[in-house]
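Undergrad: Have a look at this one before I ask anything.
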Amino acid sequence: MKITILITSILLSCSTLYSQEKKEKNNKRKTDIQKVFICNSTNSKRYHYKSDCTGLKKCKDTIRRISIRIAKSSHGRILCGFEVHLESASIKNN
């Protein structure tokens, strides 16, 4: 009986670890392919999920669509304050 319980708990632990690892990989893939909008201006500091975001309407330069990973890492952008609710909703859905 003890062996059965031990084996079952080991299998459940492995299954849980595998599920968490798979979820993390999926989230990384989403980040790599998810596209956001940035203003090409040198003064711009934010990225936007929607091209018609209030914060993006102030852009006086061209608007580019790039991956969120590149926006954060290469361009040092942070999420626009008008769109914080969109990111929190996205996290809850995953």
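We did not get these values from a lab; they are worked out from the coordinates using the rules stated. As the structure is a computational prediction, the values presented were derived from the model and not from experiment. Cβ atoms come from the backbone with ideal geometry, glycine included; neighbour counts cover every protein chain shown.
Undergrad: Determine the percent antiparallel among the DSSP beta bridges restricted to the range 34-94, to the nearest 5.
TA: Bridges in the range 34-94 are about 80 percent antiparallel.
Undergrad: Could I have the simple spin-label model distance between LYS72 and LYS35, label points 7 Å from Cα toward Cβ, reported in nm to one decimal?
TA: 2.0
Undergrad: Hey, with R₀ at 25 Å, roughly what FRET efficiency would LYS58 and HIS85 work out to, going by the Cβ-Cβ distance, to 0.05? Working shown, then result.
TA: Working: r = 19 Å, r/R0 = 0.78.
With a Förster radius of 25 Å, E is 0.80.
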